[in-house]
Amino acid sequence: MKNILLNATPEETRLVLTEDERLIEMGIERPSHSHLVGNIYKGRVQNVLPGMQAAFVDIGQKKNAFLYLGDGAGPEKHIEGQEKVHIGQAVIVQVVKDAVGTKGPRVTTRLSLPGRNVVLMPTANYIGMSRRIEEEEERSRLHTLAQEICPEGMGLIVRTLAAGQDRETLESDVKYLSQLWASLQARSRVLSAPALLYRDADMAIRVVRDLLTDDVSRLVVDDVETYRRVRDLVEYVSPALSERVEHYEGAVPIFRAFGVETELETLSDREVELPSGGFLVIDRTEALTVIDVNTGKFVGQSNLSDTIFRANMEAAEEILRQLRLRDIGGIIVVDFIDMDEAEQKESLLAFMRERAKLDRTKTNIVGITQLGLVEITRKKSRQNFEGILYDQCPCCHGSGRVESPETVAIRICRDIRRIEERSHADFGYEVEVHETVAYALMDSPLVDSLSSDLGVKVGFVIKPGMHPESYAITQRGNGR
């Protein structure tokens with residue numbers, strides 16, 4: 001049983017998807033961090049990199065967007081009279097990946113306009129099918145139907161929700177999306193680059209478009225205006241599901257009432273506990289995520305090999321859930337507990353591949369490396385909740401560590417010795433430091449050694465709010 005919870009305020013909208021009362025997916029959207037993925041722009045080429053088959057395009061954002069041309073879908077495919085990409089050229093592009101870190105957004109000229117049942121691709125010419133539609137007879141029926149209703153010179157992707165739908169329903173989607181594409185083309189002709197031609201729907205609308213399926217029991221919304229918008233849309237696109245849309249009016253916040261608030265607060269934790277007593281350790285960088293599996297208190301009830309296998313299987317399920325919850329993308333490397341039996345390794349990979357099918361984001365279980373690490377790739381597009389909720393630590397600058405008080409204290413002593421080599425301070429020195437450094441110096445022989453070696457007095461002043469690694473050394477004047 002799946003439930004969708006939507007907490008909407010003017011400041012932000014939060015989404016939670018639960019299955020059998022377990023949290024399996026969450027999302028957050030703020031007006032100040034509005035996502036770009038899905039938006040279509042009329043951009044202008046600022047720089048061309050022939051050696052990389054790429055260009056940088058001004059789409060009106062802080063950073064130019066990166067456009068890769070090596071996939072055979074360059075602007076010449078849909079801009080008349082243009083054989084090659086050149087600086088100053090106007091191009092119609094769609095954002096496929098939000099800006100991350102120092103990198104600007106990534107765009108493509110393979111445009112797609114999503115509807116509830118199909119996705120229209122104005123600049124492509126093929127029929128695609130959702131991998132979740134597994135019944136061969138239904139796939140064949142939908143493929144034939146898509147070929148018949150697809151506008152000439154365009155392409156269609158049949159979405160999972162199209163399974164079981166009749167021709168009229170799919171045609172209605174195609175008609176609406178075709179009209180939308182015509183309006184975008186009209187806007188492009190009158191607007192100067194850079195300009196926004198199409199903005200993807202906000203989170204409340206995307207919930208109905210992408211998540212509200214027959215296996216969802218309830219869609220609960222706590223904001224009355226958002227509830228009305230969602231209900232009206234559901235009544236229009238899928239009347240049979242309209243009774244499942246509810247307005248939550250309780251005094252207790254919706255996430256707390258449904259028992260998910262506490263778990264949401266732990267999503268940034270480095271360690272994740274497993275039911276058996278084991279735990280995961282998740283470390284992330286911009287390009288790579290490393291997950292370590294530990295048995296912890298899990299000792300099992302049979303032989304060592306079975307205990308390790310059970311611990312790894314439990315960890316595998318939780319890892320795939322955490323990837324969805326935290327929306328971790330890119331390359332993921334998992335260090336499972338070593339298993340000697342090849343059959344167990346294959347069973348683990350088969351289990352993970354089967355569970356990965358439940359993820360709406362394309363996830364590929366690559367295999368086990370020679371070092372025994374499981375490699376996973378997961379498509380990364382939107383900025384995840386960590387990128388929205390957190391900023392780089394001003395103390396450690398993202399490293400997760402600062403110098404120890406003893407290390408800072410030794411640096412202070414080294415600097416004072418260096419200063420003394422140039423100019424002797426008759427009245428000694430005063431050093432402003434963080435309180436942890438001051439206490440470290442008080443409890444160590446460093447100051448006494450420094451004073452006796454140089455023949456000067458050194459005093460310390462605790463400076464509230466000072467960075468733990470910072471300090472200021474001044475020479476005392478007469479009378480100080």
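The values are calculated or read from the model by the stated rules, or taken from the named source; none is laboratory data. The model shown is predicted, which means the values in this text are computed figures rather than measured ones. Cβ placement follows ideal geometry from the backbone for every residue including glycine, while neighbour counts extend to all protein chains displayed. The area values use the complete protein model at the heavy-atom level, side chains included, leaving out ligands, DNA and RNA. Shrake-Rupley method; radii C 1.70, N 1.55, O 1.52, S 1.80 Å.
Couple of notes before you dig in:
- Listed conditions (1) under 23 Å from Gly330 (Cβ atoms); (2) open to solvent by 60 Å² or more (accessible area, probe 1.4 Å) are all met by Val281, apart from (2).
- Note on the range 23-51: residues that are free of Cβ contacts under 8 Å to residues at least 24 places away in the same chain and assigned to a strand (DSSP E or B) amount to 1.
- Whenever a residue of the range 389-404 is over 15 Å from Val437 (Cα atoms), its partners that are open to solvent by less than 70 Å² (accessible area, probe 1.4 Å), lying with C-beta atoms within less than 6 angstrom and at least six residues away or across chains, give the pairs Gln392/Gly398; Cys396/Val402.
- Strands (runs of 3 or more DSSP E) contained in the range 262-336 and holding at least 1 residues among the acidic types (Asp, Glu) and farther than 21 Å from Arg378 by Cβ: 271-273
- Ala193 being part of a loop (DSSP other than H, G, I, E, B), under 26 Å from Ile40 (Cα atoms) and among the hydrophobic types (A, V, I, L, M, F, W, C): yes
- Residue match in the range 94-117 (condition: more than 30 Å from Glu386 (Cα to Cα) and either at pLDDT 90 or above or surrounded by fewer than 16 Cβ atoms within 10 Å (Cβ to Cβ) (or both)): yes
- Here Arg324 fulfils each of the conditions (1) among the charged types (D, E, K, R); (2) at pLDDT 90 or above; (3) surrounded by fewer than 20 Cβ atoms within 10 Å (Cβ to Cβ) apart from (3).
- Given (1) over 14 Å from Leu219 (Cα atoms); (2) modelled with pLDDT of 90 or more, number of the condition Leu17 does not satisfy: (1)
- Count of the range 42-60 residues, restricted to those that are in contact with a strand residue (DSSP E or B) (Cβ under 9 Å, 6 or more places away or on another chain) and open to solvent by 10 Å² or more (accessible area, probe 1.4 Å), is 11.
- Taking the range 12-52 as the range and being within 23 Å of Leu180 (Cβ to Cβ) and among the hydroxyl-bearing types (Ser, Thr, Tyr) as the test, the residues that pass are Ser34, Tyr41.
- Members of the range 7-22 that are part of a strand (DSSP E or B) and either closer than 17 Å to Arg360 by Cβ or among the acidic types (Asp, Glu) (or both): Leu15, Val16, Leu17, Thr18, Glu19, Arg22
- Unmet criterion (only one of (1) closer than 26 Å to Val118 by Cα; (2) crowded, with 18+ Cβ neighbours inside 10 Å) for Phe255: (1)
- Annotation: of all residues in the range 235-248 being aliphatic (A, V, I, L, M) and assigned to a helix (DSSP H, G or I), the one that is nearest to Leu6 (Cα to Cα) is Leu241.
- Filtering the range 124-158 to residues that are part of a loop (DSSP other than H, G, I, E, B), open to solvent by less than 40 Å² (accessible area, probe 1.4 Å) and touching a residue at least 40 places away in the same chain (Cβ under 8 Å) leaves only Ala124.
- Scanning the range 180-197 for residues that are closer than 18 Å to Asp58 by Cα and either in contact with a Pro (Cβ under 9 Å, 6 or more places away or on another chain) or open to solvent by less than 30 Å² (accessible area, probe 1.4 Å) (or both) returns Ser188, Ala193, Ala195, Leu197.
- When Asp173, Asp214, Asp232, Asp210 are screened for being at pLDDT below 90 and assigned to a helix (DSSP H, G or I), only Asp210 passes.
- Boolean, Arg414 is under 27 Å from Leu323 (Cα atoms) and either open to solvent by less than 80 Å² (accessible area, probe 1.4 Å) or out of contact with any strand residue (DSSP E or B) (no Cβ under 7 Å at 6 or more places or on another chain) (or both): no
- The condition (being surrounded by 14 or more Cβ atoms within 10 Å (Cβ to Cβ), touching a Cys at 6+ places or on another chain (Cβ under 9 Å) and either aromatic (Phe, Trp, Tyr) or not in a strand (DSSP E or B) (or both)) is satisfied by just one residue among Val456, Val447: Val447.
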